[in-house]
Structures are given as structure tokens and as C-alpha cells.
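Worksheet: one structure, shown below.
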Amino acid sequence: MLKGGKAVEDLEEIFKIIRSRPHGHVAATLSSLIKLGLHILIDT
């Protein structure tokens, strides 16, 4: 590994994406919380 070896040659052989869900609404909500300073409330 330290001499440039790879643990996995191709990630597509190991992982298969079954489905992908949209995350835009989560990003928008988080952005709003950060702008308002309310992200601290859900940080812990």
C-alpha cells in the first residue's frame, strides 16, 4: 500500500448504486439554518 499499491482496483466492481435520491431540499434547508445561525441547535 505504501509503495503505490491499490487496495481495490475498481470501485464499480465492489459497489453497485441501486438508487440515488435527490438531496437539493436538504441542502437548501441546511443552508438556511447556517445563514440564520440555527445549525448550532441541531449540531449536538
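The values are calculated or read from the model by the stated rules, or taken from the named source; none is laboratory data. No experiment lies behind these values; they were computed from the predicted model shown. Here the Cβ positions follow ideal geometry from the backbone for every residue, glycine too, while neighbour counts run over all protein chains shown.
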Check your understanding: Within the range 1-40, how many residues turn out to be in a helix (DSSP H, G or I) and of a type outside the set (Lys, Arg)?
Key -> 19
Review point. Which residue pairs have Cβ atoms under 6 Å apart, sit 6 or more places apart or on different chains, and have a first residue in the range 2-27 that is under 28 Å from Ile42 (Cα atoms) and a second that is not in a loop (DSSP other than H, G, I, E, B)?
Key: none
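Rundown of residues vs (1) hydrophobic (A, V, I, L, M, F, W, C); (2) at pLDDT 85 or above; (3) surrounded by 10 or more Cβ atoms within 10 Å (Cβ to Cβ), yes/no style:
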position	(1), (2), (3)
Val8	yes, no, no
Phe15	yes, no, no
His23	no, yes, no
Leu33	yes, yes, yes
His39	no, yes, yes
Ile42	yes, no, no
